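These notes concern the structure reproduced below.
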Amino acid sequence: MVVLLTGTFLAVNALYFNEELRLDRRYADPSPGPGEVLIAVKLAGICATDLEITRGYMGFAGVPGHEFVGTVVKGPRRWRAKRVVAEISCVCGSCDMCQHGLANHCRRRTVIGIDGRDGAFADLVAVPERNLHELPDAVSDEQAVFVEPLAAAYQVIKQCPIEKRMQVAVVGSGRLGLLVAQVLRTTGCKLEVVGRNELTLNFCEKKGIQTVHASELVPRGNRDLVVACSGSPEGFDIAARLVRPRGTLVLKSTYARSAPLNLAPIVINEVTLLGSRCGPFPEAINALARRQIDVESMISRQLPLSKGVEAFEMAADPRYIKILLKMGA
Ligand SMILES: [Zn+2]
Ligand SMILES: [Zn+2]
């Protein structure tokens with residue numbers, strides 16, 4: 001990062017995507033707009049959405065990165081020097097969705113590092129003040145990087161209240177699947193994770209979460225709720241065979257490519273399909289502060305931003321779980 005004596009920033013290091021991903025050491029200073037603050041990013045996580053962006057998801061060009069923690073360096077006094085995380089939807093506050101308390105679905109929204117706005121794989125990121133959440137000391141930077149995806153995992157139990165007697169399955173044991181499974185476990189329901197990755201299935205077993213390898217699965221159509229987190233049409237197929245008639249199938253993954261899906265079982269079994277995206281930050285922050293959810297052991301590596309391209313390759317490699325980028329290193 002280039003800092004002038006006057007304390008203003010001239011150019012920043014940023015990971016930039018436009019058909020290909022590259023490191024830009026002289027990326028323009030992201031000057032904050034009205035109602036926005038400037039955050040010096042400390043750590044950021046790479047997730048499946050970022051990988052999808054490099055495959056053309058949302059037709060995004062710019063700086064990706066939406067799971068991050070940093071310190072406010074420019075903005076209203078009450079936020080200055082505060083350690084924060086930020087919600088990713090930047091909203092207008094006046095459209096019909098915003099007016100009805102559904103700001104995450106704002107008609108005119110931009111989304112940090114995903115849609116129409118630069119993200120956090122850079123020294124600095126500008127975000128609306130209204131998106132900020134201050135972190136308690138009990139949450140480390142490493143934990144804080146997971147607030148955004150963990151909030152998305154909490155959205156599942158917000159949309160579908162879980163009772164202890166319920167039979168629940170998570171399909172996909174990737175980064176998001178592991179978070180969703182840990183959140184579901186806190187409800188005391190009968191839970192099983194279906195996956196193909198021995199490393200992440202072992203992670204679940206160590207947490208006392210029952211697992212089954214997809215190749216050994218015999219779907220009986222008896223689950224009240226199935227959460228599809230695999231990001232693959234095959235995962236959707238498995239989920240559709242696991243869910244009971246009149247049960248609920250939650251779709252948690254987004255992908256760049258559309259794929260043919262067999263929807264007949266959904267119709268025949270009168271399954272409720274539910275899309276699920278961003279979730280409540282306060283729940284996620286509290287759960288991390290109380291150490292209800294273990295995210296630290298999901299971190300495989302922390303790389304400097306200068307190794308960002310390599311870090312993306314590692315994030316796509318099933319031998320690793322979560323890859324973090326460290327700014328200013
Ligand atoms: Zn993400
Ligand atoms: Zn709006």
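Can you name every residue in the range 77-126 that is more than 18 Å from residue 52 (Cβ to Cβ), open to solvent by less than 50 Å² (accessible area, probe 1.4 Å), away from ligand 2 (no atom under 16 Å from the Cβ) and assigned to a loop (DSSP other than H, G, I, E, B)?
123 - this is the single residue of the range 77-126 that is more than 18 Å from residue 52 (Cβ to Cβ), open to solvent by less than 50 Å² (accessible area, probe 1.4 Å), away from ligand 2 (no atom under 16 Å from the Cβ) and assigned to a loop (DSSP other than H, G, I, E, B).
So which of 250, 227 ends up being touching a Cys at 6+ places or on another chain (Cβ under 7 Å), open to solvent by less than 20 Å² (accessible area, probe 1.4 Å) and not in a loop (DSSP other than H, G, I, E, B)?
Residue meeting the stated conditions: 250.
Here's the yes/no breakdown for (1) of a type in the set (D, E, K, R); (2) closer than 21 Å to residue 170 by Cβ; (3) crowded, with 19+ Cβ neighbours inside 10 Å; (4) in contact with a Lys or Arg (Cβ under 6 Å, 6 or more places away or on another chain):
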| residue | (1), (2), (3), (4) |
| --- | --- |
| 231 | no, yes, yes, no |
| 243 | no, yes, yes, yes |
| 258 | no, no, no, no |
| 261 | no, yes, no, no |
| 275 | no, yes, no, no |
| 279 | no, yes, yes, no |
| 296 | yes, yes, no, no |
| 305 | no, no, yes, no |
| 320 | no, yes, no, no |
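Identify the residue in the range 135-180 that is in a loop (DSSP other than H, G, I, E, B) and basic (Lys, Arg) and, among all such residues, is farthest from ligand 1 (Cβ to nearest atom).
165
Every residue in the range 199-224 that is in a helix (DSSP H, G or I) and among the charged types (D, E, K, R), please.
205, 206, 216 - these are the residues of the range 199-224 that are in a helix (DSSP H, G or I) and among the charged types (D, E, K, R).
Select from the range 22-51 the residues that are open to solvent by less than 30 Å² (accessible area, probe 1.4 Å), of a type in the set (A, V, I, L, M) and within 16 Å of ligand 1 (Cβ to nearest atom) and write down the one among them that is farthest from residue 70 (Cα to Cα).
For the range 22-51, the residue satisfying everything is 51.
The values are calculated or read from the model by the stated rules, or taken from the named source; none is laboratory data. Remember, predicted model here, so these are calculated numbers, not experimental data. Every residue, glycine among them, receives a Cβ derived from its backbone with ideal geometry; neighbour counts consider all protein chains shown. Ligands, DNA and RNA are excluded from the accessible area calculation, which covers all protein heavy atoms including side chains. Shrake-Rupley method; radii C 1.70, N 1.55, O 1.52, S 1.80 Å.
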